[in-house]
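Have a look at the structure below, then the notes.
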Amino acid sequence: MSLRHVDMAALADRAAPLRPVDLGPLDIVTVPGRDGGFYARSPFDLGPYEAKVTLWLDHWAAARPDDVFLAERRGEAWQTLSYAEARRKARAVAQALLARGLSTEQPLVILSGNSIAHALLGLAALYAGIPYAPLSPAYAQAGPDFIRLKSIIALLTPGLVFAEDGALYAQALAALPSGPSRLVATPLPAATPADVEILDDLLATPETAALDRANATVGPDTIAKFMFTSGSTAAPKAVITTHRMLCANQAMIAHALRFLRREPPVVVDWLPWSHSFGGNQNFNLVLAHGGTLYIDAGRPVPQGIAATLANLREISPTLHFNVPAGIEALLPALARDKMLATNFFRHLRLTFFAGAPMRRATYEAWDDMAVAACGEKIVTMSGYGATESGPATTFWTPFVRAEGGVGLPLPGSELKLVPQGEKREVRVKGPHVTPGYWRDAAATDAAFDAEGFFRLGDALHLADATAPKQGFCFDGRISEDFKLATGTWVSTGPLRDAFLAAFAPFAKDLVIAGEGEAFAAALVFPNLEACACLAGEALPESKIVAHPAVRAKFQALLDGFAASADGSSRRIARLILLDEPASAAAGELTDKGGLNRTAVLANRASEAAGLFSAMPPAQVMTAGSPLDAAKTEQRTEITR
């Protein structure tokens, strides 16, 4: 990233003040467990919280009926929806859903991405006590077989499937079995079949006493949603998400972000509602605190970032939610465009990222952008959680921060750290935790231990065991770690982070392989923009990774990284630069932009095999001298 267009004088003082923001206290109490494990919780009480999600909408529709709740682009203008309008329309649709016989056994499925129509359908289901499942739009665009979509439909047996754009989703709707009805907001390209309804017809449904009777039965244990896991390491499962989980989680978050009780948030957000970060945390945070959510149709990718930038030139957010890759995608534009940066940082109180660790260089560049734009640093923080935990379980703030830290338990969240080899697996209990997986008793039983703690599948460790208040650090996913042929465990999470730090800014992401092999190796997705600068000439993307200057740079970095490693488990012996970016259509990317390791290894099996070949292909780079390479190949052959 270039800082050519940034006021460098404004960056001279690295000790610029931090913009004030009222954050609640975080702390930790630990209790020893068995076999070297321990329990950890917050010393603060969670306190009372709402019994159901729709009480937030009821409250703000009465207290501030005309305030804008949701807005989305319609051409050059914003279409807005007030709190009173949202309540009225959601209740009309709720009445229509009840009339069509939807229920827990025949829920609502939403195929489309974030939109006002999507929000109204979801709120309507919540009012009526009908679960709904917001699916990743990728499932409905991965034709022609739609295997994953069909398996989800078979699991849920929905009574109604909604797809906003009839033309875009026509093929997916046609592929569904005959059971569920179809609903669209915009008609299909041909004459709309008799079994496809239009959303406007549902919006015209008059309320009856049946709706209030149905809503009166909704309580903390009523299923609000079926949220599907991202599938980054296994097939997606339907996470039962109750009103208790969602309401308790917002109370937990409100303890940490205390300023929200007095400052309704203004958010411009692209994060998908099919995932817990965008759909549970961010959407409900805006709703719970009477804020305004501008639905961003952009994405932190080259073909989507322009839409985000256009929105941020108009709207000054008070909170910014993103993933690290999204923040990195914003930095060049903020550096080039002073007016954009000024508008973006003008009212910003907090940046919150999740989904992956953020590099130190990104932190520093983000601080520099803020100082150049407004003379202050902006609080940047993160946390840890999962779809099954609402998602928020821990938060960290600038006052409780360690490198790679995920912070301290939020009130109401109790953690259990269980030794697993050299690591400690984290498990969680609390009102924000799922009761299990829908129609999957075996997976539910396996997910909980004898004390009722949910197994998150990740490892955490204390940043400083002598000072627990420094919080936890993420230590990788237990399921992604593997053993080399020597019996040595490779902890892929820390190794990935170390690799990306060493190869910045030229490596965008990677997948580490090597189970049962003599060494660890990597499939590397390069940062094509940074690599193009190395090449020094305009080239097609497919040609950039083959350029001698790019390969020489990666070879030098690989040699240095391998030489500095203090053991085979912390060393990448070989890598291959992939000339095709990760594909969302092929399942290699989640909606949040993270890699699906299983899909990458399956789709690129030939490249992965080449990494461990006794005679590797020419595109494979091997760390060290030719003699070292020969020894590595010899060891590989011996272990086969």
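The values are calculated or read from the model by the stated rules, or taken from the named source; none is laboratory data. Keep in mind the model is a prediction, meaning the values are calculated, not measured. When we count neighbours, we look across all protein chains shown, and the Cβ atoms used for this are built from the backbone with ideal geometry, even at glycine. Surface areas here come from the heavy atoms of the whole protein model, side chains and all, with no ligands, DNA or RNA. Shrake-Rupley method; radii C 1.70, N 1.55, O 1.52, S 1.80 Å.
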Q.
Could you go through segment 47-54 and let me know if any residue there is without any contact (Cβ under 8 Å) to a residue 40 or more places away in the chain, open to solvent by 10 Å² or more (accessible area, probe 1.4 Å), basic (Lys, Arg) and in contact with a strand residue (DSSP E or B) (Cβ under 9 Å, 6 or more places away or on another chain).
A. no
**Q.** Every residue from segment 109-150 that is open to solvent by 20 Å² or more (accessible area, probe 1.4 Å), part of a helix (DSSP H, G or I), in contact (Cβ under 8 Å) with a residue 60 or more places away in the chain and over 17 Å from residue 225 (Cβ atoms)
**A.** 138, 148
Q: Among the residues of segment 532-561, count how many are farther than 15 Å from residue 620 by Cα and outside any loop (DSSP other than H, G, I, E, B).
A: 11
Q.
Show the residue pairs meeting these rules: Cβ distance below 7 Å; 6+ apart or different chains; first residue within segment 564-587 and free of Cβ contacts under 8 Å to residues at least 40 places away in the same chain and assigned to a loop (DSSP other than H, G, I, E, B); second residue of a type in the set (D, E, K, R) and open to solvent by 30 Å² or more (accessible area, probe 1.4 Å).
A. 565/571
(Q) Criterion first (in contact with a Pro (Cβ under 7 Å, 6 or more places away or on another chain) and at positive phi) does residue 452 satisfy it? (A) no
Q: For segment 557-582, name all the residues that are open to solvent by less than 40 Å² (accessible area, probe 1.4 Å) and either at pLDDT below 85 or closer than 19 Å to residue 356 by Cα (or both).
A: 582
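If the requirement is being at pLDDT below 95, open to solvent by 70 Å² or more (accessible area, probe 1.4 Å) and closer than 30 Å to residue 367 by Cα, which of these qualifies: 15, 10? First the steps, then the outcome.
Values: 10 fails: open to solvent by 70 Å² or more (accessible area, probe 1.4 Å).
The conditions single out 15.
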Q.
Could you list, ordered by first residue, the pairs with Cβ atoms under 6 Å in which the first is in segment 17-40 and without any contact (Cβ under 8 Å) to a residue 40 or more places away in the chain and the second is open to solvent by 40 Å² or more (accessible area, probe 1.4 Å) and not in a loop (DSSP other than H, G, I, E, B), at least 6 apart or interchain?
A. 29/41; 31/39
Q: Find the strands (runs of 3 or more DSSP E) located wholly in segment 417-517 whose residues include 3 or more that are under 29 Å from residue 613 (Cα atoms) and open to solvent by less than 30 Å² (accessible area, probe 1.4 Å), and list them.
A: 507-513
Q. Of all residues in segment 90-108 being under 27 Å from the mean Cα position of the chain (by Cα) and part of a loop (DSSP other than H, G, I, E, B), which is surrounded by the fewest Cβ atoms within 10 Å (Cβ to Cβ)?
A. 104
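Looking for whichever is surrounded by 13 or more Cβ atoms within 10 Å (Cβ to Cβ), of a type outside the set (Gly, Ala, Ser) and in contact with a strand residue (DSSP E or B) (Cβ under 8 Å, 6 or more places away or on another chain) here; the options are 211, 183, 203. Which one fits?
Details: 211 fails: in contact with a strand residue (DSSP E or B) (Cβ under 8 Å, 6 or more places away or on another chain); 203 fails: in contact with a strand residue (DSSP E or B) (Cβ under 8 Å, 6 or more places away or on another chain).
Answer to the check: 183.
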